[in-house]
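Following: one structure in structure tokens, then a few remarks.
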Amino acid sequence: MSDHPTPAELEGLVYNRIAPERARSVIVHLLLGCKPCRAVMATFLAGLFGTGGTPAEAELTREQEAAYDSALDRALGSATRAGRPEGRPPARKEPWEAGRTRETREALRLLAEQGFPVSEPTTSHPEDAVLVEALLERSWALRYESPAQMVRLARMASRLAATLPAGKLTARRVAGLRFRALTELGNACRVADDLDTAKEVLDEAVTYTLEEGADERLTARYFDVLASLYGARRCFEMAASSLAIAHSAYRRLGDEHLAGRALISLGIYTGYDGDAPEAIRLIGEGLASVDEERDPDLVVLALHNQARLLVDCGQYREARRVLWDLERRGIPVRGRVNELKVRWLEAQISSGLEDMDHAERILLEVKDGFSTARLPYKAALAGLELGAVRLRQGRIADSERALLEAIDVFIHLRIRREALAAVLLLKKACDSRVTTVALIESVAGFLRCAEDDPLLRFEAGSSPVADSE
């Protein structure tokens, strides 16, 4: 929940005067640790107990703290019962939840909500460490499906790790769990495009390596995640440096798969930075080390990027062989958008090999697919390439229709000034009937890269860095 509940809603929660649907959201907000709202809530509880005090002054005694927990539990139970279809029995409360912290109980609720099984522990509280790991595992599994939920679970794992009881685990173990939880929270924020928060969280994670020292595998993972953040910020040299550290660590640990993954990532960023031949080499070297069964999506990503880079180098036959290799391996391409990206690449290869009829058929499919998926920017990019293909076929009127339709989409999307200048240059060429394939390809290539890089500048006839997964 992003908005703070009103004081009236907080008072209604204490006195059971709030709708069940809203109550659940308010409770989650409180359990996630909003200090201002908890302070306001405390005043209402203080009033209930007859103690008074302002929000800034309110501090609960141990007895009041227990009552605070009890109030939240009762409210959550009431809200859950009210929201449950009639006749459905309440969820069974595990006997080992008794005496647990609010963070632990909320972690258990989140995992149960996700349908994630948690085995009954054999000891009293060290199993909280197991819950941290379970939350992180489930968070990682949601990276393609729901970045928001990925962040939610990783944040709860970090909160729970911060409250692990002293004396039950070694200081090194606690520091390691906190380091790992913050690293994964930083990665989740990066996946959700919250880059500023990701940086803050990763900066905080480093403090735990200074306290007790970090396990080398956790350190390697940290630099792997840090590289992804640098890459998202287009700081490719820093991304490459971080990946070099991660790669060396994985090699020392004997994990060739993760070492190969680091090389693939390094290759992708090297391609972003404009060195396509070296990028192709690095991706190929990384592919030779990864375990396809362990991470089939990684293999799809690597092969797609390798083919993309080969297309950018004009090596269309080699790019086609890479896509044939992907088909031969029988690895499914997950997600409709990813399927469209592969088909788009097939169209570009066909165009490069002078098979214009095949390229046109695929581009029409891709353009309609992106429109259906509500990705107008990518649909318009495919439209520009369709215009180039038709111009190469000598169909000038059909080419202009495709180009002007795409140009109209870009203008209505309110794209950045530099990108708009490139689009208007192409529009002027269409209006003057002096459009060339080279100009279309130059503008399309720029717009493809400018989607992710606001600092990129357009120069007619240039070849910007190609986009990738």
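If R0 is 25 Å, the Cβ-Cβ spacing of R395 and R328 corresponds to a FRET efficiency of close to 0.10. Pairs spanning more than 24 Å between alpha-carbon atoms, out of K367/K427; K199/K341; K341/K427: K199/K341; K341/K427. Classify the stretch 201-291: rounded, prolate or oblate, from the alpha-carbon gyration tensor (a ≥ b ≥ c, eigenvalue square roots; a/c under 1.5 rounded; otherwise prolate if a/b is larger than b/c)? Here the stretch 201-291 falls in the oblate category. One decimal place: the segment R433-A421 gains 2.5 nm when fully extended, by the rule 0.36 nm per residue minus the C-alpha distance. Extending 7 Å from Cα along the Cβ direction at T6 and again at D193 yields two label points whose distance is 3.1 nm. Within the shell defined by Cβ-Cβ distances under 14 Å, the residues around A259 carry a net charge of -1, with Lys and Arg each +1 and Asp and Glu each -1. Restricting the stretch 244-292 to GluC sites (Glu not before Pro) that sit in a DSSP loop and have at most 14 other Cβ atoms within 10 Å of their own Cβ leaves E292. What would the Debye formula give as log10 I(q)/I(0) at q = 0.13, 0.15, 0.17, 0.27 Å⁻¹ for the alpha-carbon point model of the stretch 123-203, no solvent? Log10 of I(q)/I(0), two decimals: -0.37, -0.49, -0.60, -1.20.
Modelled spin-label separation between I411 and E354, with each label point placed 7 Å from Cα along the Cα-to-Cβ direction: 3.7 nm.
Restricting the stretch 321-420 to GluC sites (Glu not before Pro) that sit in a DSSP loop and have at most 15 other Cβ atoms within 10 Å of their own Cβ leaves E354. Can you tell me how the stretch 154-245 classifies by the Cα gyration tensor, rounded, prolate or oblate, using a/c under 1.5 as the rounded cut? Judged from the Cα gyration tensor, the stretch 154-245 comes out oblate (a/c at least 1.5, b/c at or above a/b). Taking 0.36 nm per residue of separation and subtracting the current Cα-Cα distance, fully stretching the chain between A373 and D291 would add 26.3 nm.
No lab work stands behind these numbers, since they all come straight from the coordinates. Since this is a predicted model, take the numbers as computed values, not measurements. Because the Cβ atoms are built from the backbone with ideal geometry, glycine has one as well, and the counts that use them run over all protein chains shown.
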